[in-house]
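The values are calculated or read from the model by the stated rules, or taken from the named source; none is laboratory data. Note that the structure is predicted; figures quoted are calculated from it, not measured. Cβ placement follows ideal geometry from the backbone for every residue including glycine, while neighbour counts extend to all protein chains displayed.
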Amino acid sequence: MQVQWYPGHMTKAKRMMQENIKLVDLIIELVDARAPISSRNPDIDTLGAGKSRLILLNKADLAEEHWNSRWIEHFKEKGILAVKVNSKKGGGIKSIQGVIQEACKEKMERDRKRGILNRPVRAMVAGIPNVGKSTFINSLAGKACTKTGNKPGVTRGKQWIRLNRQVELLDTPGILWPKFEDQRIGLCLAMIGSIKEEVLNLEELAAHAVSFLNREYPGMLEDKYGTSRCEDPYEALAAIAQSRNCLLKGGEADIEKAALLFLDDFRNGRLGRLTLERPVKEEIE
Ligand code: G4P
């Protein structure tokens with residue numbers, strides 16, 4: 001299946017990102033806990049060279065707990081501090097300020113040795129579209145933070161959220177782009193709902209998601225819809241259509257409607273918690 005991309009505004013986003021990176025000490029990179037590789041930006045390591053780094057496995061509530069822990073270990077092995085969060089419900093948000101300081105401790109120590117005291121660490125949030133950047137910033141900003149005004153001459157036009165005396169966060173997130181050229185990654189992002197639906201063939205996408213479940217989470221589909229196991233994903237969708245009354249005139253299964261309903265359940269955790277990528281086997285078919 002061809003996933004099409006519309007990277008039109010991405011050049012501007014990249015320029016903005018490069019400008020903003022100059023202003024910060026720390027990049028807080030949000031990834032989707034269900035697909036931490038596909039939802040990473042391929043250039044983040046280059047863009048963030050010389051900066052402190054923190055990875056947030058966002059939407060951790062939708063991914064399997066066991067794999068969340070494995071991913072945290074995986075990034076730790078690569079020398080990057082990672083923590084899981086649920087920005088929507090605020091899970092893990094309270095401890096973030098401490099984690100930010102932990103991620104910047106070497107920089108703070110360097111400052112201290114140079115006699116630079118009381119200079120807050122500046123951080124920015126970055127990630128691909130739909131990974132939860134705005135939700136995360138709002139969730140964090142909602143926790144007793146004060147917005148600082150523009151600082152003429154230093155950060156003109158930028159708004160900073162003061163988290164505490166040690167940390168300030170840029171209130172506009174950096175939008176990054178996924179790995180456009182890799183169709184498999186496109187498919188994975190489409191399954192978790194990070195790509196606009198209009199550019200996709202929904203039935204094909206749903207069929208891929210059914211095959212993924214049959215392979216990695218056997219029984220999950222049948223438990224949810226009360227259907228029997230079908231190896232053919234389109235038959236499985238037809239069975240879902242029957243079970244959920246998605247029928248065309250004459251009683252024929254409305255596969256398109258069933259595909260939509262199923263994908264919505266898949267993406268929003270109503271089938272259960274799902275991890276599409278695992279550290280040992282980083283990509284799905
Ligand atoms: P962005 O700025 O990176 O583009 O993402 P944004 O915050 O707009 O979030 C995209 C979607 O992801 C939103 O859902 C948001 O509620 C959801 N989301 C963000 N963080 C989490 C999380 O930790 N867990 C879960 N389960 N969902 C999260 P939406 O469907 O666009 O809106 P709505 O459902 O909130 O109305």
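Tabulated data
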{"quantity": "Matching residues, segment 208-238, being in contact (Cβ under 8 Å) with a residue 40 or more places away in the chain and hydrophobic (A, V, I, L, M, F, W, C)", "calculated": "Ala209, Val210, Phe212, Leu213, Met220, Leu221"}
{"quantity": "Some residue of segment 170-185 being in a helix (DSSP H, G or I) and either at pLDDT below 85 or in contact with a His (Cβ under 6 Å, 6 or more places away or on another chain) (or both)", "calculated": "yes"}
{"quantity": "Among (1) assigned to a loop (DSSP other than H, G, I, E, B); (2) closer than 18 Å to Cys104 by Cα; (3) within 16 Å of the ligand (Cβ to nearest atom), the one test that Glu29 misses", "calculated": "(1)"}
{"quantity": "Criterion: part of a helix (DSSP H, G or I), within 16 Å of the ligand (Cβ to nearest atom), not small (Gly, Ala, Ser) and not assigned by TED's automatic domain parsing to the domain that holds Arg70 - qualifying residue of Leu205, Leu276, Leu221, Leu261", "calculated": "Leu261"}
{"quantity": "Residue count, segment 233-271 (criterion: under 21 Å from Ser194 (Cα atoms) and loosely packed, with under 15 Cβ neighbours inside 10 Å)", "calculated": "4"}
{"quantity": "Residue within segment 140-158 that is at pLDDT 90 or above and within 14 Å of the ligand (Cβ to nearest atom) present", "calculated": "no"}
{"quantity": "Residue list for segment 104-137, filter: more than 16 Å from the ligand (Cβ to nearest atom), part of a loop (DSSP other than H, G, I, E, B) and surrounded by 16 or more Cβ atoms within 10 Å (Cβ to Cβ)", "calculated": "Cys104, Pro120"}
{"quantity": "Residue list for segment 201-224, restricted to those being surrounded by 20 or more Cβ atoms within 10 Å (Cβ to Cβ) and either touching a Phe, Trp or Tyr at 6+ places or on another chain (Cβ under 6 Å) or more than 16 Å from Arg34 (Cβ to Cβ) (or both)", "calculated": "Ala206, Ala207, Ala209, Val210, Leu221"}
{"quantity": "Total residues in segment 91-103, condition within 16 Å of the ligand (Cβ to nearest atom) and buried (at least 16 other Cβ atoms within 10 Å of the Cβ)", "calculated": "4"}
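Residues checked against (1) among the β-branched types (Val, Ile, Thr); (2) at pLDDT 95 or above:
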site	(1), (2)
Met17	no, no
Arg34	no, yes
Ile37	yes, no
Gly50	no, no
Asn58	no, yes
Leu62	no, yes
Ser69	no, yes
